[in-house]
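Remarks on the structure that follows.
The values are calculated or read from the model by the stated rules, or taken from the named source; none is laboratory data. If you're wondering where the values come from, they're calculated on a predicted model, not measured in any experiment. Positions of Cβ are generated from backbone atoms using ideal geometry, with glycine treated the same way; all protein chains shown enter the neighbour counts. When the accessible area is computed, the model is the full protein with side chains, heavy atoms only, and any ligands, DNA or RNA have been set aside. Shrake-Rupley method; radii C 1.70, N 1.55, O 1.52, S 1.80 Å.
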Amino acid sequence: MASDRVPYVNLIAQHEPLKDELLAAVERVLDHGQFVLGPEVAQFENQFAELCGVEYAVGVSNGTVALVLAMQALGVGPGDEVITPPNSFLASTSSIVLAGASPVFVDVGEDYNIDSDLIEKAITPQTRAIMPVHLTGRPAQMNRILDIANRHNLHVIEDCAQSVGARYHDRPVGSFGAAGCFSLHPLKNLSAVGDGGVITTNDAGLCEWLRKARNHGLRNRDECEFWSQNARLDTIQAAMLLVKLQYLAGWTELRRDHAAYYQSELNGVVGVPVDKPHEHAVYHTFIIMSENRDELQSYLAKQGVETKIHYPIPIHRQKPAGGTGEMSFPVTESQTQRILSLPVYPELTDAQRQHVVKCIQRFFESGA
Ligand SMILES: *Cc1c(COP(=O)(O)O)cnc(C)c1O
């Protein structure tokens, strides 16, 4: 791809070098024929649990259902409140509503993650859980969050959809809360070839409940223990994930290398994220801040650089959340006006990332 065309992601480039391995895995599944809960599902779950430093992982059909099932497993439902940030992909909030509970928003800090200083003010007698989101692939302040949760007897459900492999004080995300919920959507750092999700936990009872809950509440082939949905991870997706899991560490290093490059070249030109020493971020997104965001985005588009905004509408301003209502989250709202996500996918070439940097520098030099 020409260096002056930089798409925001490139899934074709990600899968091209893996084609032979992926097709061989498809063939194995076609040959054994166990398309539902076949052996690859358990193999993937074992490897994923190891990656996250937990006892158990349960494959499910997507990240949203992972969050819903985790809350149901913990008995979070009607009448309960769950504390979560308004700056996230909307599924962290919709999953709370789908579980029958009520979201209570707490503003974020400059790291785009929930501001732990504001959590205690939001706790009421109805609060049952805190759902931090490790947004952009950067871990939330888990020590503070776990401390608050312990003191108030609340569950912690981690939304790890953007943060597979991220670590906080050298401990992987997904190993802090009662459950960690991951998405394997094609745009995430580790992805299926379609939809997928996975839940991590150290609790054997929770794991056992989740394995039934993703499969109609069935205890065995014929006996149902409780009503539930069909939320299984497909065998063929697990087979794809087993191939791709081998490359995740390398991809994460490439993402981190692109991030370090952007940080060194763009610091002082635009706002760039600065990780704390105890945060090992995996850069699902690389978000810069600029007062001239909209002009910068159109300028970059003209130079062939595709960018995105994560997210242009904060969740509390979405229609089902009550639209513009009375809620006010000043940090989220001010970030929404200034944030811009640059391409940071592993397959980005040196020439492409140089082009991105040159264009941004030129924009500010010329005052375009
Ligand atoms: C992608 C994402 C989800 C939802 O995952 P799906 O697999 O698309 O259902 C939830 N939370 C966050 C923060 C996400 O980025």
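Details
- Test: V97 is in a helix (DSSP H, G or I), on the phi < 0 side of the Ramachandran plot, in contact (Cβ under 8 Å) with a residue 24 or more places away in the chain and within 16 Å of the ligand (Cβ to nearest atom): yes
- Tally, over the stretch 247-279, of residues that are open to solvent by 40 Å² or more (accessible area, probe 1.4 Å) and touching a strand residue (DSSP E or B) at 6+ places or on another chain (Cβ under 8 Å): 1
- Residue that is nearest to A249 (Cα to Cα) [pool: residues in the stretch 77-98 that are surrounded by fewer than 24 Cβ atoms within 10 Å (Cβ to Cβ) and of a type in the set (A, V, I, L, M, F, W, C)]: F89
- Residue in the stretch 142-186 that is farthest from the ligand (Cβ to nearest atom), counting only those that are closer than 22 Å to L254 by Cα and of a type in the set (F, W, Y): Y168
- None of S328, S366, S334, S290 is surrounded by 15 or more Cβ atoms within 10 Å (Cβ to Cβ) and small (G, A, S) except S290.
- Qualifying residue in the stretch 296-313 (condition: surrounded by 16 or more Cβ atoms within 10 Å (Cβ to Cβ), within 16 Å of the ligand (Cβ to nearest atom) and hydroxyl-bearing (S, T, Y)): yes
- Some residue of the stretch 316-331 being closer than 30 Å to R171 by Cβ, at pLDDT 95 or above and outside any helix (DSSP H, G or I): yes
- Spans of helices (runs of 4 or more DSSP H) in the stretch 130-246 with at least 3 residues open to solvent by 30 Å² or more (accessible area, probe 1.4 Å) and out of contact with any Asp or Glu (no Cβ under 8 Å at 6 or more places or on another chain): 142-152, 204-213
- Candidates E40, E27 - the one that is open to solvent by 50 Å² or more (accessible area, probe 1.4 Å) and away from the ligand (no atom under 16 Å from the Cβ): E27
- Within the stretch 43-62, considering residues that are in contact with a Leu (Cβ under 7 Å, 6 or more places away or on another chain) and assigned to a helix (DSSP H, G or I), the one farthest from Y168 (Cα to Cα): Q43
- In the set (1) free of Cβ contacts under 8 Å to residues at least 40 places away in the same chain; (2) buried (at least 22 other Cβ atoms within 10 Å of the Cβ), the condition left unmet by G33 is number (2).
- Only one of the numbered conditions (1) surrounded by 15 or more Cβ atoms within 10 Å (Cβ to Cβ); (2) in a helix (DSSP H, G or I); (3) among the β-branched types (V, I, T) is violated by I12, and that is (1).
- Pairs with Cβ under 9 Å, 6+ apart, first in the stretch 122-142 and over 22 Å from D170 (Cβ atoms) and of a type in the set (S, T, Y), second within 16 Å of the ligand (Cβ to nearest atom) and open to solvent by less than 10 Å² (accessible area, probe 1.4 Å): T127/V82; T127/I83
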